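The values are calculated or read from the model by the stated rules, or taken from the named source; none is laboratory data. The model shown is predicted, which means the values in this text are computed figures rather than measured ones. Neighbour counts run over all protein chains shown; Cβ positions are idealised from the backbone, glycine included. Quick note on the areas: whole protein, heavy atoms, side chains included, nothing else; ligands and nucleic acids left out. Shrake-Rupley method; radii C 1.70, N 1.55, O 1.52, S 1.80 Å.
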Amino acid sequence: MHTLLQDLRYALRQLRKSPGFAFTVVATLALGIGANTAVFSVMNAVLLRMLPVRDPQRLFYLTHEHMPPTVGDTGDSRYSYGINVYNRLREDRSVFSDVIAYVPLSFTKTAVRVGDAPEEITANEVSGNFFSSLGVNMAIGQSFFPVDEDKHSQVAVISYGYWTRRFNRDPKAIGQTIFVSGVPFTVIGVSAPRFYGIESGGTTTDLWIPLQNRPDLNAWGLPTTKSNNLYGSPNWWALMLMARLKPGVTPQQAVARMTPVFDHAAYETVGQEEKKNGEKMDLTLVPAKGLGTSSKDYRDPLHVLMGMVALVLVIACVNIVMLLVARNTVREREFALRLALGADRWPLFRQLLAESAVLVVTGAFFGWLFAIEATHLLGVWAQLDVSLAPDKAVLAFTLGVSVLAALVFGLAPLRAAASAPVAMTLKSSGTQTTASRSRTLSGKVLIAMQMALCVVLLFASGLLLRTLRDYQNVDLGMRAEKVLGFGAHPVSSSGYGQTLAFYTQLTERLRRLPGVSSVTLADLRPGTGWSDNNDLMIDGRMYPWEDGKNMLRSNEVGPDFFATLGIPILAGRDIRESDTQTAPRVAVVNQTFADRFFKGTSPIGHTLGDPKDPATIVGLVRDSKYTSADEEPMLMAWYSYQQRKAIQNLDVEVRAAGDPMALLPAIRRVVHEIDPGIPLGKPQLLSTGFEDTYLMPTLIARLAVFFGALAALLVAVGLYGTLAYRVNRRTVEIGLRLALGAQRKRVLWMILRDSLILVAFGLVIGLPAAWFASKLMASMLYKLPPHDPVSLVAAAVGVTMVSVLAALIPARRAASVEPMQALRNQ
C-alpha cells in the first residue's frame, strides 16, 4: 500500500508538470467514455434492463403471428387477445404460475379529474392479480385483489411519479376520488417508486384500475358496440397478456404446452370451420425487459449508434497512446538513468500504470458526469418516458471500459520506455535513429487506422443525415404547417345525441374565433401512428385479405376535412355538414384506391362496405400521409363521423390564418366553457405530429453527425500532434536542407506529402470497411441505398480536407525554420 501511494503521489507530481497534456488526455477520455456510457445507458434501458419486479427473468409478454380471419383486434394484432383466450390460459396452471391481463383506456391518454383540475394521463385496466403476480409492492396503501377484477371495483392505484406530480406525495391521497372519463374511482394505493408500468414503447403508466365492464370505460377508449365489447364480444381481441413461468420451466417448454390450449381457445368462439381457413397460430414468449415488444424498433439504431461511439472511443484512445508515447520519449533520459542505476523494469511499469490510472479515473469521473446529463437530454429528445439514468449495469460498463483503458495506456508506452538504449540515451537524446524510425512507423500506422475509422464514421453520418433530409423533404400530400390538432374528449356526455351535440357546438364556436380559417374533426389524427384497418368490399364484392394486400385503411372525419388539411380534391366533393345519419352514407377515396380498382374510369358512384348499408363514393382526393411520414401509399377511405351509430372520441383540427399556437388560449377557454372537465389532449401542429413519427431517425442522425465530427476532430488532433512531433525531431535536418539551398515550398510539400500518404492508406482501408459496414444500416435508411456514392465520396473528401488542414500548421512551421538557428542548436 505504501508503494502504491508513493507511485500515485509521483504520478500526480509528473502530471502537474504537464497541465496541458493532462487536460488534453482527461478531456479526450471524458468525451469518449461519457459518450459510450450515455449511449450504453440508453441501450440498457431500451433493450437490456429487466422490469423492477420479482424474478423478472421468468416474466414474458405473450405474442402470436396470426389470428382467426373473422376476429377483430385493436392496436397490433400480434399482441391482442380475446377475453376467452385470457380465461383459458390462466385456467391452465401447468407451466404458467400467473397470467396477467392489461389494456389501455385510450389509444393516447385518458381524461381524469381530481377536484376541479382536469388533465390527461396514461391509464390502464388490469387484471386483479396485476401487482401481486408482478411482485410490485405499494409505497403506501394496498393493491388490487382478484375479487376487484370479478366485481369490476371502482378503485385505483396511482404511480409513484403521478403521486409526486399531482399530490406532492401527500399520504392523504389514499381515499381521494379521482374521476376517470367521468367515472369516480377511489385511490387505494401508490405503486413502488421504480415501477413505471409494463406498457411497451417507453410509455410510463400513471394509473391502474381493475378490468371494467362499463360502456363508458371500454377498452382502448372505443365506444361500446355489439362487436366492440370486452366482456360481451369474445371475438374482439383487445387485451394484452403477460405470463410468469413456473420455476424450472423453460420458454420452449411453455410454448410447446400452451400452443394447443391457445389454439383451441382462439377458435372456440368462431367455430372450427374458421380454423381450416386460418393460418397456423404460433404462440411466442418475449422477455419482459427494456421496452418489451417495442424493443425491436430501437434495436438496429442503437446497435449502430453503439458501434459509432465505440469507434470514437478507439480513435480517442489511439490519440492518447500517441500522446503518451511522445511524452515518454521526452522522458527517455529519466528512464535510462533509473535503469542505469539498477532499477527494475517492474517499478517502471508500475509507475506508468499509476500515471495512466490517475488520468483514466479523472477522465471516467468527468465522463460519468457528462453521461448523466447526456442521457437526460437523450430521453427528452427521444420523448421516452422511461428512466434512462445510469444504473449498476451502466456503472459496471463504465468501470470495465476504464480499467481496459488504464491497462492499454500503461502497457502501450512501456516497450518504448523500457527498451531505451541506456548508454546512447544518456549521451544524447537527439540521435536515436533506429528507435525514432520505429516509433515513427508505429505512429503512421496508428494515424492511418484512425483515418480509416473516421471514414467509416463519416460515411455512416452522411447516410443518416441524407436520410433525415429525405424525411424532412417528404411530400405529406397536405398543407400541414398552419393546422393545429388537439384532443377534446367529452367525459360527461352519454350516447350518440349528446356526443354529437358537443362536437357540433365545439366546431361552431371555434369557427367564430378570430384567426380561425376552418375547423374539422377526425377519429384518428393524421400523424399519430394509429390507423383503422378493415376488410375491403367494393360494389358488394369482398376482396381476399392476402396478407394485408387488400386492407382498406379508413378514418371517420368531420365536414370540410380535406379543405382544412389542404388535401387537394381531384374529383367529386368533400365531406359535408349534410352527411348525417338520416342521409345516405358517403365515402371519399384516395388516388391509390382509384388507380388500382378504377384505372381509366372514375370511382365516383361506386360503393364500399356491406351491401345492406353501403357507403357511396362521392369524392376522390390526392394521396396523403396518414400514420407516418414514411408510409407508402395505401388504399384509403374517409367516412362522415356523423353517420356512425356510435361516436367515439374525436380530435379537432383547426386551420389558422396566422400562428396556430397563438390560438391555444382562446381554444382552451371555449372548451372550458362547454365542459370544464375536458383537458386538451396533446395540442400540436399537424406538421409537428408527422415530424414526431421520424423522431428516432432524427435523433440518431444528429448524434451520428456529432460523433462523426468528434472523430474528425480527434483525427485532426492526432495527425497534428504526430506531424508537429516529427517536425520538432527533424528541425536540424530541415535546417540543413534549407542551408544547402532547398526551397521552403518544397519543405512545405514534404510535410504535406506525408499527410496525404497517410490519407491514402486510411482511404484504402476505410472505404471498403465503410462499404461493408453500410449493410448493417439498411433498415435505418429511407429512400436511400446503403451504398450511396454521394455519402462515400463526401466521407473521403471530408477526411482528406481534415488531414490537409491539420497538417498545414506543422508544414508551415517546418517551412519557416531558420537554418542557422537550427544548426546552432544541434
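Structure notes:
- Using only Cα coordinates, the Kirkwood hydrodynamic radius of region 44-115 works out to 15.4 Å.
- Gyration tensor (Cα) of region 156-207, equivalent ellipsoid semi-axes in angstrom: 19, 14, 8
- Alpha-carbon centroid distance for the pair region 525-556 / region 446-473, whole angstrom: 39 Å
- Chain lengthening between Met306 and Asn213 when straightened (0.36 nm per residue, less Cα-Cα): 28.9 nm
- Within the chain: Cβ-based charge dipole about Cα centre, in debye rounded to nearest 20 (Lys, Arg +1; Asp, Glu -1): 4760 debye
- Difference of contour (0.36 nm per residue) and Cα-Cα distance, Leu756 to Ile140: 214.9 nm
- For region 181-237 versus region 6-33, the spacing of their alpha-carbon centroids is 57 Å.
- Based on C-alpha pairs under 8 angstrom that are at least 6 apart in sequence, the chain has a relative contact order of 16 percent.
- Paramagnetic label reach from Glu577 (point 7 Å along Cα→Cβ; backbone nitrogen cut-off under 14 Å): within region 539-567, residues 559-561.
- Restricting region 118-206 to trypsin sites (Lys or Arg not before Pro) in coil, as DSSP defines it, with at most 16 other Cβ within 10 Å: Arg169, Arg194
- With K and R counted +1 and D and E -1, the other residues having a Cβ less than 11 Å from that of Thr528 yield a net charge of -1.
- Peptides 694-702, 311-319, 249-257 ordered by average Cβ neighbours within 10 Å, highest first: 311-319, 694-702, 249-257
- Packing-based order for 707-713, 53-59, using average beta carbon neighbours within 10 Å, highest first: 707-713, 53-59
- Where Tyr160, Tyr782 fall by accessible area, highest first, once all protein chains stay in place (1.4 Å): Tyr160, Tyr782
- Solvent accessible area, Å² - Trp749, 1.4 Å probe, full protein context: 130 Å²
- Per-residue SASA entry for Glu91, accessible area with 1.4 Å probe, Å² rounded to 10: 120 Å²
- Region 660-733 and region 102-151 have their alpha-carbon centroids 35 Å apart.
- Solvent exposure of the chain as accessible area per residue, Å², 1.4 Å probe: 44 Å²
- Model label zone, Ala742; criterion: amide N under 16 Å from point 7 Å along Cα-to-beta-carbon; scope region 707-727: 723-727
- Averaging 1/r across all pairs of distinct Cα atoms in region 448-508 and inverting the result yields a Kirkwood radius of 16.8 Å.
- Each residue was assigned an accessible area with a 1.4 Å probe, and for Trp545 the value is about 110 Å².
- Of the listed residues Ser531, Ser461, the order by accessible area with a 1.4 Å probe, largest first, is Ser531, Ser461.
- Calculated Cα extents along the principal axes in Å (choose from [x] 105, 63, 56; [y] 89, 60, 54; [z] 92, 79, 49), label: [x]
- Percentage of interatomic Cα-Cα distances in region 734-788 larger than 17 Å: 60 percent
- Helix-only [θ]222 nm of the chain, DSSP H runs n ≥ 4, -39500 (n - 2.57) each, per residue, nearest 500: -16000 deg cm²/dmol
- When Ile100, Ile809 are compared by accessible area of protein heavy atoms, the largest-first order is Ile809, Ile100, using a 1.4 Å probe.
- Cα-Cα over 18 Å, subset of Lys549/Lys612; Lys296/Lys549; Lys226/Lys280; Lys226/Lys645; Lys296/Lys682; Lys289/Lys392: Lys549/Lys612; Lys296/Lys549; Lys226/Lys280; Lys296/Lys682
- What a 1.4 Å probe finds exposed on region 1-120 is 56% carbon and sulfur by accessible area, rounded to a whole percent.
- Between Leu513 and Lys612, the FRET efficiency estimated from the beta carbon spacing at R0 = 56 angstrom works out to 0.85.
- Estimated distance in nm for a label pair at Ala709 and Ala389, the labels positioned 7 Å out from Cα along Cα-to-Cβ: 3.0 nm
- Full extension of the chain between His66 and Lys444 yields a length gain of 130.3 nm, computed as 0.36 nm times the residue separation minus the alpha carbon distance.
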